[in-house]
Amino acid sequence: MALPAHPLRPLSEAEMEQARAVTIDTHATDASTTLTFRIIQLFEPKKAELVEFLKAEHAGTTPSSVPSRQAEVLFDIVKDGQAQLTEVVVDLDARKIAETRSFPALGNQTSLTLSEFGQFQDNCLASDVFAEALKEFEIPENFKITIDPWPYGGQDADEDIPRYMQGLVYARDSTSGNDDSNHYGYPLPIIPVMDMATKKIVRVDRMATGGKGDSMHAETKGDTPRKLFEHNKPAEYIPELLNLTLRQDAKPINVVQPEGASFKVHSDNLVEWQKWRFRLGFTPREGAVLHDVCYDGRPIMYRLSLSEMTVPYGDPRPPYHRKQAFDFGDGGCGRAANNLELGCDCLGAIHYFDAYMADAEGKPTLSKNVVCLHEQDNGIGWKHTNFRTNRAVVTRLRELVVQYIVTLANYEYIFAYKLDNAGGITVETRATGIVSVVPIDHGKTSDYGNVVGPGVLAQNHQHIFAVRADPNIDSYTSGETAIVVEETHRIPMNPETNPHGNGYEVRRDLVSRPRFFDAEPKLNRIVRIENSTRKNPVSGKNVAYKFTPSPTQLMLADEGSVQAARAQFATHHVWVTGYRDRELWAAGELTNQSRKETGGVKDMTERGDWFAGAEGTDDGGAGGAGQQSSPVIWSVFGLTHNPRVEDWPVMPVEIHQIHIRPSDFFTANPALDVPPSANKASVLVPCCNGKEEGTGTGTATANGEGGSVQKDPVAHMQGTKEVDPAELPIRNGEGGQDDKGKDKDKRRLSTTLSNLFGLGKK
């Protein structure tokens with residue numbers, strides 16, 4: 001008898017087909033009704049049910065029950081030209097609908113799909129309204145219009161609109177015949193807006209193109225067409241179109257693992273490496289997700305994911321005030337994941353994960369190589385040299401990297417989870433790609449961005465990310481995980497406890513109810529994620545992991561602005577909320593066209609939950625919505641990107657990392673058992689074309705030996721022998737006497753220091 005599928009295994013192609021069929025049979029009830037599918041994905045089991053299964057799995061016993069396999073299906077029911085957004089949960093075991101939700105037509109909207117992005121470009125180019133707007137300009141021959149689709153952004157106070165989309169318009173110089181020629185160097189000053197239900201262009205907004213001191217509004221349309229791109233220049237980045245000679249002096253660097261990879265991947269997406277064990281999920285919205293992360297059989301994270309990112313732009317000129325994307329909620333990072341290529345995006349011995357995505361008809365389509373798994377060396381892990389014997393022991397910090405890359409129009413984001421052989425977890429984001437640009441009049445500069453090319457303004461903006469961590473530190477038992485905010489404070493000088501003024505203390509603040517707080521480097525504020533019942537046998541402290549909140553700049557938009565209201569998560573570095581099934585989104589479930597954050601972390605903190613050990617168990621005045629919960633942590637960090645010329649035409653990566661590290665979780669350095677080894681593939685590179693010339697630093701002989709200074713143990717404070725303190729020389733000085741009548745300069749000096757500084761010599 002075949003074993004049932006693991007509850008966390010992504011849906012198979014057959015399961016997606018089954019979910020589609022059940023949905024069509026239930027909701028496409030007549031010929032006038034059609035369904036447009038948006039998402040078909042695994043509906044994750046309720047935590048209470050899954051935890052019992054995981055306990056049995058890790059204990060090697062048969063679980064008393066297996067959570068049913070379910071699929072979440074999001075789709076539009078289209079009838080008489082009207083679309084009704086609907087979500088169902090399909091019980092795949094029972095082959096029936098288990099739950100149904102419908103969403104209002106106005107207000108917050110669900111995410112945009114790749115097919116909608118394609119429809120936008122096609123419908124714009126076929127629109128008479130858009131064609132009329134283009135008549136305002138004289139565009140050089142051989143330039144072809146290309147449009148970047150964008151979410152409409154936050155609705156203005158006087159707007160109550162259906163599902164809209166807007167676009168930034170550019171022109172591509174087709175002279176080269178290369179379709180990859182960079183169109184971003186030729187922006188047009190118009191933004192078309194389309195009704196996604198009717199596929200009609202409802203208007204074309206005009207953009208201000210002035211500089212410092214000019215009007216915030218677009219110029220009045222002239223009587224004659226306005227010439228564009230008279231001063232613009234090509235901004236190419238693909239090698240064959242560059243007017244540059246590519247570097248010839250970069251020798252290859254190969255990542256070689258002659259004995260193969262150290263990790264093991266199972267058919268149900270279980271990954272094992274060193275002492276780590278986790279299951280990999282992949283969703284259209286989040287991309288890669290880590291489930292049931294354990295180290296040496298001890299649970300650490302129930303679920304770890306990237307939850308949201310908002311990109312608000314700081315140009316206040318209408319309609320740029322609406323230029324704000326939520327890349328996870330408005331578009332979906334899993335949908336936009338790249339098909340990674342061996343030897344380019346990930347190096348070494350690589351395993352790729354594929355994913356199935358539903359197309360508009362609900363049919364599963366295979367997305368190849370959307371996640372890469374590989375090992376990498378990250379330098380020295382730990383090292384110590386015994387200066388008495390000159391014996392050094394050094395090990396390498398090796399990481400297992402789970403990486404995916406998304407392209408969202410102009411920008412690329414590289415997301416990675418890194419697990420290391422010292423028990424640490426790193427969540428890394430890298431931003432690259434092409435900055436979003438708009439036109440500016442020739443010769444002018446702007447307070448709202450930086451001119452990166454003639455007629456091209458890269459607007460100031462922010463990228464603010466939220467990482468969601470649902471911890472289960474050393475236990476699957478609900479209520480045992482606790483959050484403690486730890487700070488380090490100086491102790492005022494006082495005769496009783498700090499007479500010399502050098503003392504400081506560590507203060508702890510148990511988070512007993514949901515709340516937010518911010519990074520504070522001056523206090524070394526850290527977040528400890530503890531098991532409240534298990535003590536470290538060495539230190540006596542609660543076993544824990546910790547991280548330091550990133551002291552990055554947060555939302556700059558005014559508190560009263562729509563930009564800030566719809567991204568409340570971006571106003572604090574850390575949020576601690578009470579767990580609920582299906583609450584995965586820092587800015588709420590529906591971000592597209594939102595006026596305010598609904599169902600996000602701010603709402604989660606205000607409903608009156610409490611954690612184990614809290615005083616009082618009332619609902620905190622939240623009308624009965626509060627309950628005892630386990631804590632979920634949302635770590636928020638940002639990149640304020642005021643563009644440089646060096647970011648054009650394609651920007652070098654901007655890197656940010658969150659480090660989640662064991663803190664009294666182990667009884668010693670968990671990497672003690674990492675074997676030290678000398679890399680036999682490393683080679684010596686001499687200077688001076690291999691000739692031993694000169695006496696400057698960096699000169700080495702072919703066998704790697706240095707001169708007499710290198711061998712001098714005193715000069716390098718290495719290799720000195722242990723000395724009996726009774727044999728240490730005493731030097732009489734001339735510095736007078738202390739209050740006991742002894743010479744102040746009479747000291748015992750170590751042999752090393754005496755010889756090093758010439759002390760004790762006549």
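Each value in this text was obtained by applying a stated rule to the coordinates, not by laboratory testing. In this text the structure is predicted, and so the values were computed from the model without any measurement. Heads up, the Cβs are rebuilt from the backbone with ideal geometry, glycines too, and the neighbour counts pull from every protein chain shown.
Couple of notes before you dig in:
- Cα-based reach from residue 55 at 19 Å (exclusive), listing aspartates and glutamates while leaving out same-chain residues under 8 positions away: 44, 268, 272, 292, 296, 470, 474, 480, 581
- Distance between the 7 Å Cα→Cβ label points at residue 125 and residue 684: 6.3 nm.
- Cα→Cβ-extended label distance, 7 Å offset, between residue 250 and residue 61, nm: 5.6 nm
- Extension gain for residue 205 to residue 533 (0.36 nm times residue separation, less C-alpha to C-alpha distance): 112.1 nm.
- Cα gyration tensor shape for segment 243-297, rounded if a/c is under 1.5, else prolate or oblate: oblate
- Put simply, the amide H of residue 498, placed in the peptide plane, has no neighbours under 5 Å, leaving out anything fewer than 5 places away on its chain.
- Approximate spin-label separation residue 394-residue 344, in nm, with each point projected 7 Å along Cα-to-Cβ: 3.5 nm
- When the pairs 135/227; 264/368; 383/541; 47/264 are compared against a 18 Å limit on Cα-Cα distance, 264/368; 383/541; 47/264 fall above it.
- Our coupling estimate for segment 397-413, obtained by passing each phi through the Karplus curve with A = 6.51, B = -1.76, C = 1.60 and θ = phi - 60°, is 8, 9, 10, 9, 10, 10, 10, 9, 10, 10, 10, 10, 6, 7, 9, 10, 10 Hz, Gly and Pro reported as x.
- Within the chain, helix-based [θ] at 222 nm, where runs of 4 or more DSSP H residues each add -39,500 (n - 2.57), nearest 500: -2500 deg cm²/dmol
- Three-way shape label, segment 114-241, alpha-carbon gyration tensor, a/c 1.5: oblate
- For segment 174-190, the Karplus equation 6.51 cos²θ - 1.76 cosθ + 1.60, evaluated at θ = phi - 60°, returns couplings of 8, 4, 6, x, 9, 5, 8, 4, 6, 7, 5, x, 9, x, 9, x, 9 Hz by residue, with Gly and Pro reported as x.
- Residues of segment 639-664 with amide N under 18 Å of the 7 Å Cα→Cβ point at residue 178: 648-651
- The phi-based Karplus calculation (6.51 cos²θ - 1.76 cosθ + 1.60; θ = phi - 60°) puts the 3J(HN,Hα) values of segment 572-584 at 9, 6, 9, 10, 10, 10, x, 5, 9, 4, 6, 8, 10 Hz, whole numbers, x for Gly and Pro.
- Mean-position separation - Cα centroids, segment 154-220 and segment 48-91, in angstrom: 40 Å
- Interchain or long-range residues, amide H under 5 Å from residue 359's placed H: 365
- Distance between the C-alpha centres of segment 553-601 and segment 639-691: 33 Å, rounded to the whole angstrom.
- Over segment 517-564, Cα pairs under 8 Å with separation of 6+ residues give a relative contact order of 36 percent.
- Amide H within-cut-off set for residue 307, under 5 Å, with H built and near neighbours excluded: 466, 467, 468
- Inter-centroid distance (Cα atoms) of segment 463-482 relative to segment 242-310, Å: 20 Å
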